[in-house]
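Single-structure report; data block below.
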Amino acid sequence: MPYSSGIPKLDEHLSGGFSEGKSVLVLSTPGIDARAFAYQLVQANPKVQSAYFIENAFPDQVRKDIKRYIYPEAAFKKMVFVDAFSTALGLPSAEKYAAKDATKPKSILEAIDAVMKEKPGVLVFDSLSGMEAKYALAGGLYDKMEEIKKKGVMPLCLYTSWDEKESEKAAENFDYVIEVKSIEERMLSRSYFKVLKAPGKFVDTAVPFRISFDGIAVYIPKIIITGPFHAGKSTFIHKISTKAISVNRMGTTIALDHGYVEHSGFSVDLFGTPGQERFEFMLDILNKDAFGVVLVVDSTKPEAFERAKEMLAHVTRYSLPYIVAANKQDEPSALKPEKIKEMLGLDTDVVPTVATTGEGCLDALKILIDRIVEGGTVGKKDTETKTKKKNEDLPTQGKAAKGNGSNAKKGSTKKSK
Amino acid sequence: MMMKVGIPELDSSIGGGLKEKSNILVIGPPGAEKLAVAIKFMESGVEAGDGMVYITTDAAPAEIEEKSAKVKGQANKELVFIDCYSWTLGTQQSARKDIVVPGPSALNDLSIGIAQAMQKLFKPEKKLRVVIQSLSTLLLYNNPEVVYRFTQITGARLKSSNAATLFLIEDGMHDEKVVATIKHLVDAVIEVKNEDGKFMVRAPMSGLTQWKEVKQ
């Protein structure tokens, strides 16, 4: 029987869960609380003996942390700790299993051997990235993991990806790799997970989730389609949606448009906002689960651009990624996307669209989704230029940002020629 | 717009203050001067109505507050403390509302704490001031490579949140190479020292190349 991850959607993507005796790596962006993935799995398998190895905080911190959630206490009854922190500070450990001298790699490996007595089904390593940096025992540690796997143990390692190259290297040693990223540098609360690697069949769709008092909860992300009166928002949504509804009165949306689309590995809900002032309160409501924004403007009506910018300011105040759809490009008086970009003065892509035929609409969405997904790579611009300019030997994280840029360019110039 | 450090002798020599969205290393030998810069920076933030985050690894938040009534008055309002110090006392007993991080080697927990603080303070167009006191403690408990990455990633993230961040570091406590690398990761350096009882400051990358006395 495979172990449930405790997250139904993830189990579904893994065709049932994690197979016994395989290793799992949870690879997360700094600032994401990936411990929740370990807790979620442990509480979902209360009959399985589990052990929790920790080297960067007192085990009591984890006990306290678990209490933040509403997991039943019994779910963690069988969990034992391996304390590799106290003795590193020269303090005695209160745990049954502890590294004799946590500053020594040998002592770390011995502590892992010792806890095997409990015949754990799951052994959580709180911070593999920390262990790699501290003990220089990467090789020895992976050998040890292979060894315990043969005894039927599933090592579940949490890894903070401070360095992309090093985390890629670490990932090679694992049967399962789950990537956990935030969509935007500032908004770490908007995160998604994705299976990168599994021994059997798996789905690599990104799943947005939130960590709240009841653990990890997944949800469908919303993309907001906004723009001034008669810019073509409803038509835009209807053209790209697999399903769409809107409430109309005399051809104008009075409540809101709603559509659904699957694209670039995301299932996305599209929400159109009405163009009239009196509905602005709805924008705030929509904003809560929003992942990004498409601003639709009528390319023949530059006089409405100021209003468009106001609307954008309203929805992007939570620092959401956004792009502009320069709509009605089939009209003779339509301004070119470059011109519109200049007039709006926004630092984003302006994609030419004709919502009535659907031309360019999916491109716009794709560019936005790329932006959302790639946007999770932190420090892109700064580190990139800095690294080049000043510090050749620090590895750069600019790769994703570069890919993003070229993608975006392709999309925005394609039809404007 | 420049962001005042709050030390007139320094601000006037570097074009009015620090750039918004920048990372600044404050370096000096052991002594009270680095903390004095951090406190002035916070006080100036109180005056400007900025959001503030104070990360402390080598002193309790209450000790920082004692240095300035102005700063103390803002705690839990526009100022959030991130406490990486009290973990040594085991459990935090006081009724303080600080964000608590279980020690200076739990760098991811520190990142989570910073994200929480930013979310608490975030308002569009609001400027933020952050103090990290100090990188020296982080270097004591972590591999330098990891501290470089932490500085780089945290710095970039804070910048994108409209923050100016002071990273404090002890001079003469770390390898030359370590300090040189960290200097490369920031936008500007403020150097401080105490010379015959005088508080001296300079900022070579920002136009103040000569030591200048700060009258307190």
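The values are calculated or read from the model by the stated rules, or taken from the named source; none is laboratory data. Just so we're clear, the structure is a prediction, and the values are computed from it rather than from any experiment. Here Cβ is always computed from backbone atoms with ideal geometry, including for glycine, and neighbour counts include all displayed protein chains. Heads up: the accessible areas ignore ligands, DNA and RNA and are worked out on the full protein's heavy atoms, side chains in. Shrake-Rupley method; radii C 1.70, N 1.55, O 1.52, S 1.80 Å.
Worth a mention:
- Taking the accessible area of region B:153-216, probe 1.4 Å, and keeping the other protein chains in place, the carbon and sulfur fraction comes to 44%.
- Qualifying aspartates and glutamates (Cα of each under 12 Å from Cα of A:Lys336; at least 8 residues distant if same chain): A:Asp298
- Region B:31-84 and region A:191-209 have Cα centres separated by 42 Å.
- A viscosity of 1.567 mPa s and a temperature of 4 °C, combined with the Kirkwood radius over Cα pairs in Stokes-Einstein, give a translational diffusion coefficient for region A:8-218 of 75 µm²/s.
- Rg(Cα)/(2.2 N^0.38 Å) for region B:20-214, N = residue count: 0.97
- For region B:64-198, DSSP calls about 10 percent of its internal beta bridges antiparallel.
- Within the assembled protein chains, the solvent-accessible surface assigned to A:Glu168 is about 100 Å², based on a 1.4 Å probe.
- Going from the isolated chain to the complete set of protein chains, region B:105-129 loses at least 50 Å² of heavy-atom accessible area (1.4 Å probe) at B:Ser105, B:Asn108, B:Ile112, B:Gln119, B:Phe122.
- Summing +1 for each Lys or Arg and -1 for each Asp or Glu among the other residues whose beta-carbon sits under 11 angstrom from that of A:Ala57 gives -3.
- B:Lys215 - accessible surface, heavy atoms, 1.4 Å probe, Å² rounded to 10: 150 Å²
- Restraint check, A:Lys22/A:Lys67; A:Lys77/A:Lys117; A:Lys222/A:Lys309; A:Lys67/A:Lys104; A:Lys301/B:Lys21, Cα-Cα greater than 25 Å: A:Lys22/A:Lys67; A:Lys67/A:Lys104; A:Lys301/B:Lys21
- Computed with a 1.4 angstrom probe on protein heavy atoms, the B-A interface buries about 3200 square angstrom of accessible area in total.
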